[in-house]
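Single-structure report; data block below.
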Amino acid sequence: MADVAPGRQRDTTLMGMYLFLASEIMLFGGLFAVALALRLLHPQEVVAASRRLHYGIGAANTVVLLTSSLAVALAVAAAEMGKVKGTAAGLLAAAGLGLGFLALKAVEYGMEIREQLLPAFTPAEAFESPSAHLFMDLYLVATTLHVVHVTVGVGLLAGLAWRVHRRSLTLPRSAMGVEVVGLYWHLVDVIWVFLYPVLYLVR
Amino acid sequence: MAYPRLWPLLAVWAALLALLGLTVGASLVLTGTPSLVASLGIATAKAALIAWVYMRLRREGGLLRIMALGAAFWLLILLGYLALDYLTR
Amino acid sequence: MTEVSYLEHGHSLKSWLLTTDHKRIAILYFLSITFFFFVGGAAAALIRIDLLTPEADLMSNEGYNRAFTLHGVIMVWFFLIPSIPNTFGNFLVPLMIGARDLAFPRLNLLSWYIYMLGGLFTLAVLVLGGVDTGWTFYTPLSSMFANGNVILAATAIFVVGFSSILTGLNFIVTVHRMRCPGMTWGRLPLFVWSIYATSLILVLATPVLSITLVLIAAERLFGVGVFNPALGGDPLLYQHLFWFYSHPAVYIMVLPALGVISELVAAAARKPVFGYRFVAGSSIAIAIIGFLVWGHHMFVAGQSMYASAVFSFLSLAVAVPSGIKVYNWTATLYKGHIALDPPFLFAMSFIGLFVVGGMTGLILAMLAVDVHVHDTYFVIAHFHYIMVGGTVSAYFGALHYWWPKMMGRWLPLVWGRLSAIFIFLGFNLTFFPQFILGYLGMPRRYHVYPAEFQTLHVLSSAGASVLGLAYLLPFTYLLYSLRHGEKAPPNPWGATGLEWTVPSPPPQHNFHELPTVDGPPYQYPVEPDREREAIHG
């Protein structure tokens, strides 16, 4: 791409990233479709199953992710100002908060296993109703897929923080790289913003 | 640090946390369709804030905004038809 | 200054396997999809041989299930979906818009490797005995009861899905950002419009398939299933998710072919395409409306009557933009100076077969009729008329039209015309009897049938042999032309389009200087290169 001006390159890369994010929205969208179907088919059981989830931990996790989004946004702003330390700090903070999300999730899964709520670790008879079992199946798949995305994001953020710190990524010239990873992380946050009420707050 | 430029980011963060509080609070009080409308509406507001400010959509041109919204709209096609089927069986 | 052609620019295996040149990547795809075409074709041969007799004497029931599943999976995902976008799309889109490459050349190469990885998994499935669920993987058979390599097959398709998504992403950004000066949207060749529309579907529909396959695998591997009927899971939910992708997928398979035909018709008639704006807009319309019709695959599955009615109405509506294309092509040909060279014969063949396929699609879209012909050979005939009569004809038409450009070699026109004719005849003999079979009640995916259907099946299988041989024909003379064909000039057909302004084959960087466009597309007459008159055979 030698004959593409930097501004045009930025537009091109951003557009590619947004299209990728669009595909991610459709990927999780399938799971939201399942959630809608379950809710329409078995409303009472889904409400009951949702009530048994730990909405407090879910809320805490939401705080964690929202704060990590702030950290990333600050990092991107710092990157565009060419501030290496600020960028690396923001990225590292976001990665750390991402790890915090994963830790909370692990604790939550542990509690759910003990309470005989989590499928694959619970015999079928232990569920309140078959529909509750179905709902928890969806919960497990959806949160697992999200956890995978968070993990990838943490890796990207940490790796980027390292490269910025070691100056192998120069700022503000390569600020776009930070912005692109930031976009991914924000999408992971947006997906959780919808997953949380859809799974935990069904009343 | 250029403080003026960072204020919007912090303000959005505060707003997002407030909305989170609102959605949890609503779940304690509302049920049924109002609960669904509230939780999805608040989630949409949060997503819109993140997209508009954090993801810089307010800076980018119309094409990127269409692409960002496009997927969300497309998802509505899937969800809408699904609802049409299940609600009219 | 003579630039070295892209074919000569580096001879090592590494220069091919690590290339980022869109033209070389196109060739890589050509080789791969040709390979899979033969594998899928072999499965078809097994099917048609077994169907020669009313009893199950070639394969067991399970074996037959595996044969048609393999045929479907390979033909859909490893041949048809990449067939035109990843080969001709890759090769031509940058040339047609006056760019040096796609927006993300390395992503393009990665897409091919991802495709090959998916292909490898599929071959593993084949070697390990296959899957018996049908290419549609309906639950609960696929998620709970099928014995076979469902998870491996689901993984293969999941992987190849990413190749699709990245390809679509690449094309969309390329068309938005890499057009040369003066190449406005209203001046784009119609092939580019169709690739753009296809790419929208690739990006938006494929991820839903991906997540659906994940759900099947989760159910089989961990018992974590949302489709489990014992728990109250709705099998229809799977079908909604599957067809939300798979119906637009058929438009992925046909839209690029429609784009090819627009190019061929203009070149055949040596006239601008009539109603350019309508043809361009119809590609976008098909892409959009195509997302709104998937429930027509589920009319008898238990879907609500009201949803079915809406789906039926919109399925009729989606035929309108397709019809617009056919009418505009006809108007283009009217009073045109039509050359009956091989590409244009394939194009005519396409139009006829596509219309039959499309009209039978309308028949299937009608709720009341579909109740009778759903899951019969009528459906099979319908989609093969579109996919094979349509897309594969367009593929061969494109192959004959752009071969001189891509390979720098002219092709023997007499043999090309013979291929087109034999393919047309073989195709109709294979698939027309299937309309009758379906109407009479022959179910699909069965290899045991009442004796009174045998004559029609024998006719169909005979046609399949003709078709198979006819498909082999181009391979012989096209490969022969690589060594012994006349060197092709830049514009042997006298066609419009930036791809015809560069040498055949193009140099690695496409254009010596990036062109500037100052007029609408399809500005005929264009003088064909003089050498063409000498070698026109």
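The values are calculated or read from the model by the stated rules, or taken from the named source; none is laboratory data. From a predicted model like this one, the values you see are computed outputs, not experimental measurements. Positions of Cβ are backbone-derived with ideal geometry, glycine not excepted, and every protein chain shown enters the neighbour counts.
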Odd one out for C:Pro433, checked against (1) farther than 21 Å from C:Gly358 by Cα; (2) part of a helix (DSSP H, G or I); (3) not β-branched (Val, Ile, Thr): (1)
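Residues are listed down the side, and each one gets a yes or a no for (1) in contact (Cβ under 8 Å) with a residue 40 or more places away in the chain; (2) closer than 30 Å to C:Ala301 by Cβ; (3) facing chain A (nearest Cβ under 9 Å):
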{"position": "C:Pro181", "(1), (2), (3)": "yes, no, no"}
{"position": "C:Val208", "(1), (2), (3)": "no, yes, yes"}
{"position": "C:Ile216", "(1), (2), (3)": "yes, yes, no"}
{"position": "C:Asn228", "(1), (2), (3)": "yes, yes, yes"}
{"position": "C:Asp234", "(1), (2), (3)": "no, yes, yes"}
Filtering the stretch C:1-26 down to residues that are farther than 21 Å from C:Met178 by Cβ, out of contact with any Pro (no Cβ under 9 Å at 6 or more places or on another chain) and either assigned to a helix (DSSP H, G or I) or among the small types (Gly, Ala, Ser) (or both) yields C:Gly10, C:Ser12, C:Leu13, C:Lys14, C:Ser15, C:Trp16, C:Leu17
Could you tell me whether any residue of the stretch C:191-205 is under 30 Å from A:Leu117 (Cα atoms) and either free of Cβ contacts under 8 Å to residues at least 12 places away in the same chain or at the interface with chain A (Cβ under 7 Å from one of its Cβ atoms) (or both)? no
Only one of (1) more than 22 Å from A:Leu27 (Cα to Cα); (2) within 16 Å of the chain's Cα centre (by Cα); (3) facing chain A (nearest Cβ under 7 Å) does not apply to B:Ala47, and that is (1)
Number of positions in the stretch C:113-144 that are in a helix (DSSP H, G or I), among the aromatic types (Phe, Trp, Tyr), surrounded by fewer than 23 Cβ atoms within 10 Å (Cβ to Cβ) and in contact (Cβ under 8 Å) with a residue 12 or more places away in the chain: 1
Do you know which residues across the stretch C:1-57 are modelled with pLDDT under 95, farther than 22 Å from C:Leu110 by Cα and hydrophobic (A, V, I, L, M, F, W, C)? C:Met1, C:Val4, C:Ala56
Restricting attention to the stretch C:16-56, the residues that are more than 28 Å from the chain's Cα centre (by Cα) and among the hydroxyl-bearing types (Ser, Thr, Tyr) number exactly 1
What residue, among those in the stretch C:231-245 that are over 27 Å from the mean Cα position of the chain (by Cα) and either among the aromatic types (Phe, Trp, Tyr) or not in a helix (DSSP H, G or I) (or both), is surrounded by the most Cβ atoms within 10 Å (Cβ to Cβ)? C:Gly233
Test C:Val448 against the stated conditions and say whether it is of a type in the set (Val, Ile, Thr), assigned to a loop (DSSP other than H, G, I, E, B), out of contact with any strand residue (DSSP E or B) (no Cβ under 9 Å at 6 or more places or on another chain) and more than 30 Å from C:Arg187 (Cβ to Cβ). yes
Can you work out which of the residues in the stretch B:30-41 that are facing chain A (nearest Cβ under 9 Å) and of a type in the set (A, V, I, L, M) is nearest to A:Tyr196 (Cα to Cα)? B:Leu40
Looking for whichever is among the polar types (S, T, N, Q), under 28 Å from C:Leu459 (Cα atoms) and either out of contact with any helix residue (DSSP H, G or I) (no Cβ under 8 Å at 6 or more places or on another chain) or surrounded by 23 or more Cβ atoms within 10 Å (Cβ to Cβ) (or both) here; the options are C:Thr69, C:Thr87, C:Thr53. Which one fits? C:Thr69
Within the stretch B:8-21, is even one residue of a type in the set (Val, Ile, Thr), over 30 Å from A:Asp11 (Cα atoms) and either in a loop (DSSP other than H, G, I, E, B) or facing another protein chain (nearest Cβ under 9 Å) (or both)? no
Scan A:Val148, A:Val164 and give me the residue that is under 30 Å from B:Leu9 (Cα atoms) and either assigned to a loop (DSSP other than H, G, I, E, B) or within 12 Å of chain C (Cβ to nearest Cβ) (or both). A:Val148
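In this structure, is C:Ile216 closer than 28 Å to B:Trp74 by Cα, surrounded by 24 or more Cβ atoms within 10 Å (Cβ to Cβ) and β-branched (Val, Ile, Thr)?
yes
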For B:Thr44, work out the one condition from (1) crowded, with 19+ Cβ neighbours inside 10 Å; (2) without any contact (Cβ under 8 Å) to a residue 40 or more places away in the chain; (3) among the hydroxyl-bearing types (Ser, Thr, Tyr); (4) within 29 Å of A:His54 (Cβ to Cβ) it doesn't fulfil. (1)
When the residues of the stretch B:50-67 are narrowed to those that are at the interface with chain A (Cβ under 9 Å from one of its Cβ atoms) and farther than 22 Å from A:Leu70 by Cα, which ends up modelled with the lowest pLDDT? B:Gly61
Could you tell me which of the residues C:Val192, C:Val159, C:Val175 is at pLDDT 95 or above, part of a helix (DSSP H, G or I), more than 30 Å from B:Gly61 (Cα to Cα) and touching a helix residue (DSSP H, G or I) at 6+ places or on another chain (Cβ under 7 Å)? C:Val159
Within the stretch C:406-415, does at least one residue satisfy the condition of being on the phi > 0 side of the Ramachandran plot and of a type in the set (D, E, K, R)? no
Select, from A:Leu117, A:Leu195, the only residue that is touching a Lys or Arg at 6+ places or on another chain (Cβ under 8 Å) and either in contact (Cβ under 8 Å) with a residue 12 or more places away in the chain or away from every other protein chain (no Cβ under 13 Å) (or both). A:Leu117
